[in-house]
Structure formats: C-alpha cells, structure tokens
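Shown next, in structure tokens, is the structure this report addresses.
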Amino acid sequence: MTRIETLAVHAGAEPDRETGAISPPIHLATTFQHGPAGERVAGYEYQREHNPTQARLEETLAALEVGAAALAFGSGMAAMNGLLESLPAGTHFLYPRDCYTGLRTLANEFLPERGITGSAVDMADLDAVRAALRPETKLIWAETPSNPLLEVADLAALADIAHGHGALLACDNTFATPVLQRPLALGADVVMHSTTKYFGGHSDVMGGALVFAKADDLHARAAHRRHVTGGILAPFSAWLILRGCRSLPARLAWHCRNARALAEMLAAHPAVEAVHYPGLVSHPNHAVAARQMADFGAMLSFQLKGGREAALRVAGALQLAINATSLGGPETLVEHRASVEGRHPHSAQNLLRVSVGLEHIDDLRADFAQALSRA
Ligand code: PLP
C-alpha cells in the first residue's frame, strides 16, 4: 500500500477494536489509568503527552509523508516554533525571502531572544544559499511553493547543500501537501504543515504537524518540548484533520484543475501585470516544480497593472470568491496581503493572493472576469 490515494483512505484507519466502528472514536480522556507505580496499561498516561486520537492522526501523517514519525500541534505556528525553538542557542538558520509572515516574525522578533538567528535568502538561487551559510548554520528552512509569491525551491539540491554543511533541511509543505510533493523523499529531514489548510480542508479546524524522516533524537526532543510546553492539538481537532486526510488526494485533484484554469485566464487578461503560479511555463522555476511536484497546487497570486487601487477594486468586486485570509478550504478565498501584513508589508500593493476552491471553474472564471472589468 504505497499509492497516496490508498494510503490517505487506509493509513491509521483500522476499525475500532472494541466496537468495529469504521469512523474512529474521539477519545476525550485527559488521563488514562495506570498501575500503582505508574505502569501504563495501554500506553497512554496524560492527554498533553499523547492520546489515541492524535496517535491515529500522527500515524496517518507519517505514512502520507513517508516519514518515520509525526507530531501533531495545535496550529501550524506551534509546529514551526516547536522545531525552530529547539535549535540550540548560538545557532543560525536560513529561511526563504518569500515566506509565510509568521516565520519572518519568529525569525525577527522571537528567536533572537533565545540566541537563534535567521537570514532570509532566495531559496531558488542555490549560489545565494551556499553564500549565506555560516559555520554555525544548522538548518535550512524551505517553503515551497512559498506564500504568497509561489517561489519554488529545488528540495533535492537544498538537501545536498544542507547535508554537505552538516545542517538539516526542513520544509514547510503546506501549499503542496504530500499529495503533490514529498520533501522527505527528496532528502529533507523534517516536514512541517499547517494542517489548518488542505488537511482540514473545510476552513473549520486549526492544527499543525512536524513529520520526521527518522525517529531520532530530533524527534524525541521535539516530542518532549511539545509535552512540556503544551502546544498540543485537541482530540476533536485531531479527528477533524484525520477525516480531512481521507479525501485529501481527491480534493487536491479538483483544486489543482481549477487553479491551473484560473491562472491561465488571469495570465491572458489585459488588466493583469503578472501571475505567480508554478504550473505556468512562464514561471521562473516551472521546470523544478514539474520535476518535484505531481501537480502545481491551488494557490496563486497575481498583480494588477492598475496598482493598489485596482487590486482593492477587484477584490471588492468579487461576488463568489470571498475576501478572507487562510487557504485550503472548499471556497475560493482572495486576500490583499499587503493590507494584512502589518505596518511594514512584504507584499506588493498591487498583489492579490488566491486560494482556488472547489467551485465549478466556469463560475469562478465568470466571477474573476466581472471583477477584473473594474480594474
Ligand atoms: N505556513 C504556511 C505556508 C501558511 O500559509 C500558514 C498560515 O497561513 C502557516 C504556516 C501557519 O499555520 P497556522 O495558521 O495553522 O498556524
């Protein structure tokens, strides 16, 4: 059983041993019976350390990413922080110049207080990555495709660079999911997810995860840190994300088909200055994306010739697509990133990011066409 469609349905999905229930029970217990000297009866002790619903999710995530072990967290940021904060003081790491704002904030505000420093680099430029390495660089953090510019990094090449330097490679695989890209198979050591997005799939659950290539010391330290600092996932949330896993490949296929068609339509529109979508042959790293991804995902961003005002007019004129942050749900979401990135926005003022949903593509195209007529 190695094909992802089959794994998604069956990994961690054995019928409940007690009742035969096909849908797994949600174990809400915070504490589990043990012997008089703390002997574990069924392997569990306290929900913050480990619990059966989370264990099923972690087994499924590890199988999907072809990893040895997974850890579920209460959000993507908790997972990201769970790994980055576990780096020893004095460590340096590299992260992508284009990335989710939360990572940039961690690197600029929080990690330096712990003696961990990060440098932003263009991950698509391998010479720039090599040049940015320092003796104390212990981790390269990739995010590919990146948020919100859909920049693509060559994971196999980055793994070689990291390992040649005695460093680790971690990859935020939120945009691609293991259905489209498996970083561990390309040489990465750790994969991170915001399971809030495509895994949950319905805009109704927060979660995060780390998946490790080996169940080694790095995994043990991250598990210990999660246990003690408490950034855990609630069992009901674990159950919802587990349910999302079962339909992930089927949803992704439809998402990708819609995204490609919308990207092509936008690229041909006279009001559009640029479309960022790795599935377009005009994307600067299309060849790398085609090599390492099974399809190109359902996130895209585009820039309007008419600047900030045109971008806001288009966002405001959409009737089907909803103005909201986040991604990976059934509904198409649009966001003017510069407006939500705080006082010093990273994104261009004329850029709109789109999470392409599961609507009929003709309805989506019609909605974007009428909105673009106001650009
Ligand atoms: N990584 C990426 C690529 C994201 O887009 C996000 C959220 O949008 C995160 C990490 C953070 O995840 P969460 O919102 O679940 O904490």
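The values are calculated or read from the model by the stated rules, or taken from the named source; none is laboratory data. Quick caveat, the model's predicted, so the values are computed rather than measured. Note that each Cβ is placed from the backbone with ideal geometry, even for glycine, and that neighbours are counted across all protein chains shown.
Descriptive notes on the structure:
- Among the residues of the range 1-26, just one is touching a Phe, Trp or Tyr at 6+ places or on another chain (Cβ under 8 Å) and farther than 28 Å from L180 by Cα, namely I26.
- Criterion applied to Q370, Q292, Q303, Q349 was being in contact (Cβ under 8 Å) with a residue 40 or more places away in the chain, surrounded by fewer than 16 Cβ atoms within 10 Å (Cβ to Cβ) and either of a type outside the set (A, V, I, L, M, F, W, C) or more than 15 Å from the ligand (Cβ to nearest atom) (or both), and the one residue passing it is Q370.
- Some residue of the range 223-242 being assigned to a strand (DSSP E or B), among the hydrophobic types (A, V, I, L, M, F, W, C) and within 16 Å of the ligand (Cβ to nearest atom): no
- Residue in the range 169-178 that is assigned to a loop (DSSP other than H, G, I, E, B), without any contact (Cβ under 8 Å) to a residue 12 or more places away in the chain and either farther than 27 Å from F302 by Cβ or assigned by TED's automatic domain parsing to the domain that holds A209 (or both) present: no
- For the range 189-201, the tally of residues that are within 15 Å of the ligand (Cβ to nearest atom) and not in a strand (DSSP E or B) stands at 7.
- Counting only residues that are closer than 15 Å to A70 by Cβ and assigned to a loop (DSSP other than H, G, I, E, B), the range 202-222 holds 5 of them.
- Selection of the range 65-82 for residues being surrounded by fewer than 24 Cβ atoms within 10 Å (Cβ to Cβ) and not hydroxyl-bearing (S, T, Y) yields V66, A68, A69, G74, G76, M77, A78, N81, G82.
- Hey, L180 over 18 Å from Q54 (Cβ atoms) and within 16 Å of the ligand (Cβ to nearest atom) or not: yes
- Single condition A311 does not satisfy, out of (1) surrounded by fewer than 22 Cβ atoms within 10 Å (Cβ to Cβ); (2) over 22 Å from the mean Cα position of the chain (by Cα): (1)
- Strands (runs of 3 or more DSSP E) (entirely within the range 62-166) containing at least 2 residues that are in the same structural domain as L240 (by TED's automatic domain parsing), touching a Gly at 6+ places or on another chain (Cβ under 8 Å) and within 15 Å of the ligand (Cβ to nearest atom): 69-73
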